[in-house]
1. Using the structure shown, decide if residue A:132 is in contact (Cβ under 8 Å) with a residue 12 or more places away in the chain and under 15 Å from the mean Cα position of the chain (by Cα).
2. Taking segment A:38-68, which residues are more than 11 Å from chain B (Cβ to nearest Cβ) and either crowded, with 20+ Cβ neighbours inside 10 Å or over 23 Å from residue A:23 (Cβ atoms) (or both)?
3. With B:99, B:185, B:189 as the choices, which residue is more than 16 Å from ligand 2 (Cβ to nearest atom) and outside any helix (DSSP H, G or I)?
4. So how many residues does segment B:221-230 have that are within 16 Å of ligand 2 (Cβ to nearest atom) and not in a strand (DSSP E or B)?
5. Of the residues that make up segment A:78-86, is at least one in contact with a helix residue (DSSP H, G or I) (Cβ under 9 Å, 6 or more places away or on another chain) and assigned to a helix (DSSP H, G or I)?
6. Condition (residue is without any contact (Cβ under 8 Å) to a residue 40 or more places away in the chain, within 12 Å of chain B (Cβ to nearest Cβ) and not in a strand (DSSP E or B)) applied to segment A:286-293: is it met by at least one residue?
7. Please work out which one of (1) in contact with a strand residue (DSSP E or B) (Cβ under 6 Å, 6 or more places away or on another chain); (2) closer than 30 Å to residue A:88 by Cβ; (3) within 16 Å of ligand 2 (Cβ to nearest atom); (4) not in a loop (DSSP other than H, G, I, E, B) is the condition residue B:218 fails and give its number.
8. If you go through segment B:139-158 one residue at a time, do you hit one that is within 16 Å of ligand 2 (Cβ to nearest atom), touching a residue at least 12 places away in the same chain (Cβ under 8 Å), assigned to a helix (DSSP H, G or I) and within 24 Å of residue A:59 (Cα to Cα)?
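The values are calculated or read from the model by the stated rules, or taken from the named source; none is laboratory data. Bear in mind that the values here come from a model prediction, so they are computed numbers and not experimental data. Cβ coordinates were reconstructed from backbone atoms using ideal geometry, including for glycine residues, and neighbour counts include every protein chain displayed.
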Ligand SMILES: Cc1ncc(C[n+]2csc(CCOP(=O)(O)OP(=O)(O)O)c2C)c(N)n1
Ligand SMILES: [Mg+2]
């Protein structure tokens with residue numbers, strides 16, 4: 001039996017399940033208490049779990065991540081909410097120099113199972129700093145796992161898997177897709193859920209592989225639907241670090257073409273690394289260079305321009321066409 | 001946890017009571033003419049009107065967002081009018097009243113919240129930096145700017161330059177803000193930290209940010225801090241003027257905590273009924289920053305009905321102007337995305353711009369639609 005949930009509500013239900021399962025799980029961040037977060041993802045948790053487990057923190061992201069590390073060292077499993085992507089940056093020091101390196105520095109004696117939830121990406125008509133796609137910074141940092149979700153099912157299970165992970169996990173939530181709805185079987189055992197490190201073939205196809213994650217998965221599926229000339233295989237990457245290359249290579253060896261799309265800027269974006277790896281491993285199967293459809297290498301523009309800035313259906317289809325120009 | 005000391009009643013500097021009685025203050029004598037008070041009243045009424053028009057424009061879909069200053073007019077007009085032309089202000093995102101004092105046209109502010117620009121005005125020309133959304137960042141910029149003022153020899157004497165940084169109660173938790181306090185103290189920088197304590201940081205009440213009154217923080221860093229009635233425009237003017245003068249004369253920073261209240265939602269996206277009591281609002285309504293000035297002017301026969309009517313008429317006109325100007329703000333053209341990323345020509349950006357121009361022109365005449 002399924003429950004009809006939005007992505008936002010599914011994460012909420014997943015957090016609740018994790019808190020019920022393990023008393024060491026805590027939620028902390030700005031406005032996560034009574035308000036339930038600005039996107040209401042922690043709605044109701046404060047009421048049911050109290051101020052000891054749902055902590056409205058002072059307004060300081062470095063403080064939030066730094067104290068979450070301390071709590072984790074004391075045996076807790078903090079789930080930190082960063083209010084918007086653009087406000088992660090004050091926490092860079094704690095994240096990159098401390099959180100990511102603690103296990104290695106301590107020769108494995110210390111574990112910091114912190115989950116950092118970040119609503120990310122654009123498309124909501126917001127003011128500056130509310131539409132960033134900072135995933136590449138995280139991918140570039142060893143010691144962090146990075147995952148993102150594209151549907152309520154994954155939202156529900158992956159937040160729980162992230163919390164159970166012994167490694168720090170950056171959990172990226174596609175804010176413009178928060179209200180996408182689907183049935184989720186919340187009663188199934190967690191062991192049966194697809195592991196969070198595995199990519200998913202969201203739509204099978206034979207002519208070209210279209211790789212997307214987070215907010216762009218929906219656009220990729222629309223592209224596959226719209227393109228009547230080519231059979232597009234859509235892969236939802238799910239885990240950005242590590243990448244499930246087994247699934248990616250298998251698809252590319254079958255189709256011979258790869259288009260990668262993301263909202264993050266082009267240069268040094270996740271697509272660049274995937275293109276390099278695919279070129280190394282699937283060179284003799286490729287019929288065309290790997291094509292990237294990404295945001296331009298400029299700061300995120302004022303919202304009236306974001307529809308031009310973000311890769312959209314037309315730009316993705318244009319990318320697919322470019323792959324067939326070879 | 002112990003009871004909070006943040007709500008202990010420290011001395012509140014007030015010159016004008018909510019009832020409109022001018023009490024004055026021994027440490028902050030204010031020599032002000034009736035005409036000047038009427039001008040402040042006009043400022044207060046007009047910025048409140050700009051603000052309420054902006055809220056409506058957001059409701060009508062003309063703005064993506066608006067952060068209302070309702071309730072904070074006196075703190076902003078009082079401090080804003082204390083600034084001199086060559087002083088420099090570093091605002092957060094709610095300082096529409098200070099912007100008004102610095103001569104920023106309302107449509108410039110609306111442009112940012114409409115999403116046609118990320119800034120708009122010339123910060124150097126107007127002595128008003130761009131709005132800063134990432135909480136706390138601008139306190140360091142103000143401090144660094146003030147350190148530059150010192151190195152220019154522009155401190156000391158009547159013509160010295162002073163710098164002011166605006167931020168909220170929530171911002172006092174941020175590392176950047178506290179680092180700014182320390183940099184300013186260590187360097188004796190000519191900067192005034194103007195904290196509008198409106199009691200809330202979105203849904204978090206003051207006690208989630210501070211266990212001591214905010215102004216007392218300054219003592220730990222080694223400079224004076226004081227709390228002023230943020231709904232008293234005369235007190236805000238007097239206190240800020242004194243602090244700016246102190247800075248410009250080379251006596252270093254001051255922290256001013258303007259004790260006020262956010263009468264509206266955090267922004268148009270917010271629903272305060274989820275986290276605060278309506279009774280609190282009523283309590284603060286009685287301390288309205290505009291009403292007390294009106295009462296003072298009326299009681300003392302310093303303004304007649306005609307004056308109040310003329311200000312209201314001016315506000316109506318301004319409201320209409322704001323509506324028209326907002327609706328006619330042009331959308332930027334798509335290739336604007338690539339402008340002003342670097343000072344020097346950049347082949348990489350140029351290439352992306354050229355490719356995107358080609359891509360856009362491929363739709364011309366086809367009637368194809370962009371968008372998701
Ligand atoms: C670094 C950072 N973190 C989070 C936010 C999101 N945010 C915007 S306003 C706000 C509350 C600010 O409260 P306060 O400093 O009291 O200013 P007020 O809005 O009350 O004027 C928060 C958390 C932000 N803009 N920047
Ligand atoms: Mg505040």
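1. Yes; evaluated as a whole, the condition is true for this residue.
2. A:41, A:42, A:45, A:54, A:65, A:68
3. B:189
4. Residues that pass the stated criteria total 1.
5. yes
6. No, because not a single residue in segment A:286-293 is without any contact (Cβ under 8 Å) to a residue 40 or more places away in the chain, within 12 Å of chain B (Cβ to nearest Cβ) and not in a strand (DSSP E or B).
7. Only one criterion in (1) in contact with a strand residue (DSSP E or B) (Cβ under 6 Å, 6 or more places away or on another chain); (2) closer than 30 Å to residue A:88 by Cβ; (3) within 16 Å of ligand 2 (Cβ to nearest atom); (4) not in a loop (DSSP other than H, G, I, E, B) is unmet by residue B:218, namely (3).
8. Yes, segment B:139-158 contains at least one residue that is within 16 Å of ligand 2 (Cβ to nearest atom), touching a residue at least 12 places away in the same chain (Cβ under 8 Å), assigned to a helix (DSSP H, G or I) and within 24 Å of residue A:59 (Cα to Cα).
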